[in-house]
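Below is one structure, written out as structure tokens, with a few remarks after it.
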Amino acid sequence: MTVPIAFVRGVPDSFVHAIARGGAPHIDVVNARSQHTEYCRALSDAGYAVELIAADEAHPDCPFLEDAAVVLSGVAIAARPGAESRRGEVPPVAEAVGRHRELRTIEPPGTVDGGDVLWIGDRIYIGRSERTNDDGIAQFARFAAEVGLSTFSVDVHDVLHLKSAVSYLGEDTVLIAPGCADPNVFAQFRIIEKAADETHRASTLVLGERRVLMTTTASATMRRVADAGFDVVPIDMSEFQAADGGLTCLSILLPPMH
Ligand code: CIR
């Protein structure tokens, strides 16, 4: 059996200049690198072969490589980040995923950040957000349709990306930040709400069946997820959260083709 790959990207010294909605973040790069190492360890413990794409000093936000490309079952899509300063992050990430999937590309005037793309079963939910526009959504939907996936757009409020508001935990369960995305869109799933004051801190990444990596800064939400029957693996990613990053945004997970 082939081992699933997790692409990650190194943390540049320039990470201290990463974009943050709340103004200039205070980031300790040495601590960020050690948190990143822990994150990579969690992925390899979960059975992924972790492949590192080199950091790029010219692009402070490059560790958030999820925004640069999306991998589906039969195609990969090179994104076009909504923040102009991030567009130069795309080529090495597209090149890496393009070795495994036929590559499609979001063209101007479309913008899509991978953080807005939530893939559940045969559906793609895509956030209409600060970063992803209608033209980008229409292009993405055409590429998804090529591999049999239907696309549904979801308005995103108050947070950066759809996946800052909604994450899929497996077991037909989604975790939603109240007020950030319409829960009716996800009515077919069991819904767990993030604790009200943890909207910006609670972040998840599925590690396996009923096993979820979660940020330690959201203890009340962690309890809710554990009470719902999930095995919660805590991780401190505070340096990345200071720059509005969540757990999915630090990797691109490449399931074996089936
Ligand atoms: C940005 O503002 O673009 C970065 N500082 C954070 C991107 C986080 N990406 C993600 O959650 N997918």
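Laid out as a table, the results:
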item: Some residue of segment 98-109 being part of a helix (DSSP H, G or I) and more than 14 Å from the ligand (Cβ to nearest atom); result: yes
item: Residue that is nearest to the chain's Cα centre (by Cα), among those in segment 79-97 that are among the small types (Gly, Ala, Ser) and within 15 Å of the ligand (Cβ to nearest atom); result: 79
item: Selection within segment 82-112 - of a type outside the set (A, V, I, L, M, F, W, C), crowded, with 24+ Cβ neighbours inside 10 Å and either over 23 Å from residue 159 (Cα atoms) or out of contact with any His (no Cβ under 6 Å at 6 or more places or on another chain) (or both); result: 111
item: Matching option when the condition is of a type outside the set (S, T, N, Q), buried (at least 19 other Cβ atoms within 10 Å of the Cβ) and farther than 26 Å from residue 141 by Cβ, among 15, 7, 64; result: 15
item: Inter-residue pairs, beta-carbon under 9 Å, first at positive phi and in segment 170-195, second basic (Lys, Arg), 6+ apart; result: 170/210; 170/211; 171/190; 171/210; 172/190
item: Qualifying residue in segment 248-255 (condition: loosely packed, with under 15 Cβ neighbours inside 10 Å and more than 16 Å from the ligand (Cβ to nearest atom)); result: yes
item: Residues satisfying the stated conditions in segment 54-67, i.e. under 17 Å from residue 247 (Cα atoms) and either without any contact (Cβ under 8 Å) to a residue 60 or more places away in the chain or more than 14 Å from the ligand (Cβ to nearest atom) (or both); result: 62
item: Filtered residues of segment 103-123 (kept if farther than 21 Å from residue 93 by Cα and touching a residue at least 12 places away in the same chain (Cβ under 8 Å)); result: 120, 122, 123
item: Boolean, residue 181 is under 24 Å from residue 254 (Cα atoms) and assigned to a loop (DSSP other than H, G, I, E, B); result: no
item: Residue match in segment 164-174 (condition: under 23 Å from residue 231 (Cα atoms), out of contact with any Cys (no Cβ under 8 Å at 6 or more places or on another chain), in a loop (DSSP other than H, G, I, E, B) and not β-branched (Val, Ile, Thr)); result: yes
item: Only listed residue being in contact with a strand residue (DSSP E or B) (Cβ under 9 Å, 6 or more places away or on another chain), surrounded by 14 or more Cβ atoms within 10 Å (Cβ to Cβ) and charged (D, E, K, R), chosen from 223, 201; result: 201
item: Top-ranked residue in segment 137-179 [being charged (D, E, K, R) and closer than 21 Å to residue 111 by Cα; ranked as nearest to the ligand (Cβ to nearest atom)]; result: 163
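Read the figures in this text as sums done on the coordinates, not as results from a lab. Everything quoted here is computed from the prediction, not taken from an experiment. FYI the Cβ positions are ideal-geometry reconstructions off the backbone, even for glycines, and counts take in every protein chain you see.
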